[in-house]
1. Could you tell me whether the stretch A:334-341 includes any residue that is away from chain B (no Cβ under 14 Å) and crowded, with 16+ Cβ neighbours inside 10 Å?
2. Tally the residues that are more than 21 Å from the chain's Cα centre (by Cα) and more than 19 Å from residue B:18 (Cα to Cα), restricting the search to the stretch B:277-305.
3. Hey, does the stretch A:35-50 have a residue that's within 12 Å of chain B (Cβ to nearest Cβ), under 23 Å from the mean Cα position of the chain (by Cα), assigned to a loop (DSSP other than H, G, I, E, B) and surrounded by fewer than 20 Cβ atoms within 10 Å (Cβ to Cβ)?
4. For the stretch B:364-384, how many residues are within 21 Å of residue B:225 (Cα to Cα) and touching a residue at least 12 places away in the same chain (Cβ under 8 Å)?
5. If you go through the stretch B:297-309, how many residues are surrounded by fewer than 22 Cβ atoms within 10 Å (Cβ to Cβ) and either closer than 12 Å to residue B:344 by Cα or in contact (Cβ under 8 Å) with a residue 60 or more places away in the chain (or both)?
6. If only one of B:352, B:379, B:397 is outside the structural domain of residue B:23 (by TED's automatic domain parsing), within 19 Å of the chain's Cα centre (by Cα) and in a helix (DSSP H, G or I), which one is it?
7. For the stretch B:418-439, which positions are facing chain A (nearest Cβ under 8 Å), surrounded by 15 or more Cβ atoms within 10 Å (Cβ to Cβ) and modelled with pLDDT of 60 or more?
8. Kindly indicate whether any position in the stretch A:82-104 is surrounded by 24 or more Cβ atoms within 10 Å (Cβ to Cβ) and within 11 Å of chain B (Cβ to nearest Cβ).
């Protein structure tokens with residue numbers, strides 16, 4: 001029987017890949033999960049690592065630990081660089097190719113700088129543990145630089161934090177950084193007042209957290225402004241350097257820029273030589289397979305799947321989770337000789353975002369909730385979905401601590417991080433004499449402009 | 001009054017520097033603490049970060065947070081590169097010099113490779129958070145490489161872990177890695193048996209954990225051997241490469257080498273242009289001041305201070321803690337016009353080391369304890385001395401989890417770590433046909449040999 005077992009290869013151990021693997025636990029197949037990190041990452045809480053509330057280990061768990069009791073599944077650490085769809089094998093950067101009969105591609109998305117990859121050097125995005133600890137170090141170091149300098153102008157630049165893109169991640173980061181400077185760092189410095197730091201949230205469209213209904217966007221904006229966040233709508237970034245950003249409404253000066261604007265699918269379309277939308281997401285059939293390749297499935301942030309109304313499904317965790325489970329069930333049935341033509345159907349349980357302590361917005365069907373009740377729902381649901389009992393307890397402990405003390409437990413800059421951040425970028429900025437955000441203060445470049453969506 | 005306040009500068013926020021700062025809390029002085037990390041590190045538990053039980057934030061706390069209520073003290077993040085003892089100022093790598101009236105130097109020690117700095121590339125030491133996460137990633141990645149390869153020889157090399165130096169750190173690492181492979185990783189791999197991994201502890205002298213009495217060394221060695229650790233005494237390392245180490249007793253093959261052998265004081269002697277012992281520790285007077293410079297104090301791992309019997313004090317946390325408090329009290333009195341000539345006296349409360357679960361050795365005066373009671377003492381004392389209530393609770397939680405489940409919560413390899421580890425060092429080794437540790441199997445170099453002390 002083992003000789004006839006089919007090989008199912010799953011690329012990516014995120015929400016999609018992991019749930020595909022789990023729902024294949026009873027499949028008569030050899031399943032291989034490949035990821036370039038050894039852990040599944042609970043991305044909805046990654047911003048809390050970047051803002052020093054949680055430790056990396058609180059939001060990550062080894063994939064092979066999660067799947068340890070699933071004997072039909074092995075896990076390989078490796079980086080996919082190509083897929084050979086004629087030979088049916090996955091090409092890895094540093095190991096032998098892996099052959100498949102069925103392939104499930106769930107490699108997710110990364111940052112997109114809208115054709116300006118050089119911006120990444122100045123504006124890190126938040127997708128991995130490395131990104132989160134980098135941003136954490138960068139923000140904490142900015143306060144250290146401000147404390148050391150005697151120049152009020154330099155202090156102002158170090159204590160201005162610009163977040164580009166006001167989707168849920170950008171809004172959550174902005175709220176958490178505002179609390180950090182207003183409350184957490186209070187009393188700890190001698191030269192600077194951390195609560196005089198400015199958090200500027202820059203958004204290209206006319207409202208924030210656009211997946212939510214307009215009244216909730218408005219509410220979240222007011223909540224952020226109560227925390228001191230400067231929300232600038234219809235402001236499009238034209239260039240980024242180590243001293244600030246240029247926008248269609250003038251220059252915004254600040255040493256620390258964080259990118260939460262654009263997302264680009266991993267290069268799945270290139271690997272599969274298939275068609276993709278503008279964000280690089282591969283077009284898939286109603287059963288999430290690739291047209292002409294019923295043995296290949298693409299899901300999550302790297303797939304362009306459509307709902308019953310023909311609208312593309314959003315790049316959120318619940319979509320990937322449901323898609324992964326769907327494909328796992330479908331393949332299990334197929335291998336049991338019970339093929340099914342049931343298409344994938346997304347059941348939208350609702351969306352949630354948190355804007356600092358005791359503040360959140362929730363939208364379930366037509367029901368819109370904001371404030372403390374939404375916040376409690378946010379806490380409960382995130383703990384519930386977090387994988388691993390230890391992680392649940394540890395996160396609850398860190399949250400309770402942060403709530404009671406206004407402290408954050410993971411405020412670390414390591415010597416290696418400090419040494420890495422120190423050099424050229426810390427050189428002086430040419431400071432413009434008190435720059436108001438007036439539309440005419442910076443000449444607009446007619447060619448190179450990009451709008452955060 | 002503020003105009004006449006003296007400036008006290010403390011270099012280093014470790015056990016010595018932090019306790020000096022704390023005991024200066026009532027001094028009429030401007031106190032500045034300078035460190036190149038933003039956190040105080042509880043080094044006795046750092047090996048538990050390297051072995052994936054604890055997160056970095058569990059054993060580290062921002063120095064400015066610890067001292068936040070001490071209004072006479074400021075904290076600066078910066079790297080000391082020199083001290084100008086005539087101008088009385090500290091030179092930083094990347095900021096303006098800092099002037100002092102009194103200087104307390106507590107910059108600790110780093111690894112020493114006995115004149116072979118090139119070994120560091122192959123054998124990381126354990127002193128900082130960066131070192132700990134590096135070693136953690138390296139060991140976890142070794143199992144991943146072993147799982148991926150089909151070569152039994154390569155698997156054997158990846159699953160052999162060589163620890164050079166059997167002081168307390170080396171012994172604690174060996175015990176924790178043996179438990180990791182025997183118990184924690186069990187059931188998680190499909191090609192390899194993690195419990196077939198070998199941990200080899202290499203020691204140049206005739207016994208391990210030499211600060212302890214010989215019967216406790218013997219007991220700890222037996223405890224390690226029960227865990228499967230291969231303890232090799234009187235074995236001196238002559239060279240290290242990416243495939244193993246050469247010793248006076250032959251070659252030991254293994255992909256992962258960890259350095260726990262030598263310690264060298266930070267370059268304080270060079271900065272102060274003063275005399276130092278073989279390990280770079282500056283000779284200090286009975287009051288821990290520098291001869292001819294009553295305004296400069298050196299303590300902890302970078303000082304060569306002697307006890308009542310004329311023996312040099314060991315480089316352990318209690319010495320640094322007591323020295324820091326002593327200097328703080330002395331300076332506080334001095335600034336109050338009550339100078340004191342009381343010399344520093346070390347009160348040895350005893351020493352402790354743990355060898356895996358439920359096993360430890362303790363020595364208090366003439367009392368020697370081993371086993372469960374010593375282990376409980378070890379747990380209790382480490383929790384007690386750990387700074388910060390959140391850290392105490394978090395560490396207790398992680399320990400309880402590890403004890404009950406044999407799981408370890410912080411088993412992370414990030415994509416950046418994996419990308420960094422992948423390249424040339426992962427190339428094939430020239431494997432010698434079954435290499436016994438016979439004395440004659442490798443020609444000894446008469447010139448370049450070094451003995452881990």
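The values are calculated or read from the model by the stated rules, or taken from the named source; none is laboratory data. Treat the numbers as computed from the prediction; the structure is a model and nothing was measured. Every residue, glycine as well, gets a Cβ built from its backbone with ideal geometry; the counts of neighbours run over all protein chains shown.
1. The initial filter retains those residues of the stretch A:334-341 that are away from chain B (no Cβ under 14 Å), namely A:334-341.
Now narrow it down to the ones that are crowded, with 16+ Cβ neighbours inside 10 Å: A:334-335.
Checked the stretch A:334-341: at least one residue is away from chain B (no Cβ under 14 Å) and crowded, with 16+ Cβ neighbours inside 10 Å.
2. At the first step, the residues of the stretch B:277-305 found to be more than 21 Å from the chain's Cα centre (by Cα) are B:283-297.
If we keep only those that are more than 19 Å from residue B:18 (Cα to Cα) as well, we get B:283-286, B:290-294.
Number of matching residues: 9.
3. No, the stretch A:35-50 contains no residue that is within 12 Å of chain B (Cβ to nearest Cβ), under 23 Å from the mean Cα position of the chain (by Cα), assigned to a loop (DSSP other than H, G, I, E, B) and surrounded by fewer than 20 Cβ atoms within 10 Å (Cβ to Cβ).
4. Residues that pass the stated criteria total 7.
5. Initial filter on the stretch B:297-309 (surrounded by fewer than 22 Cβ atoms within 10 Å (Cβ to Cβ)): B:304, B:306-309.
In the following step, the residues that additionally are either closer than 12 Å to residue B:344 by Cα or in contact (Cβ under 8 Å) with a residue 60 or more places away in the chain (or both) were identified as B:306-308.
Matching residues across the stretch B:297-309 total 3.
6. Numbers: B:352 fails: in a helix (DSSP H, G or I); B:397 fails: within 19 Å of the chain's Cα centre (by Cα).
After applying the criteria, what remains is B:379.
7. B:418
8. The answer is no; no qualifying residue exists.
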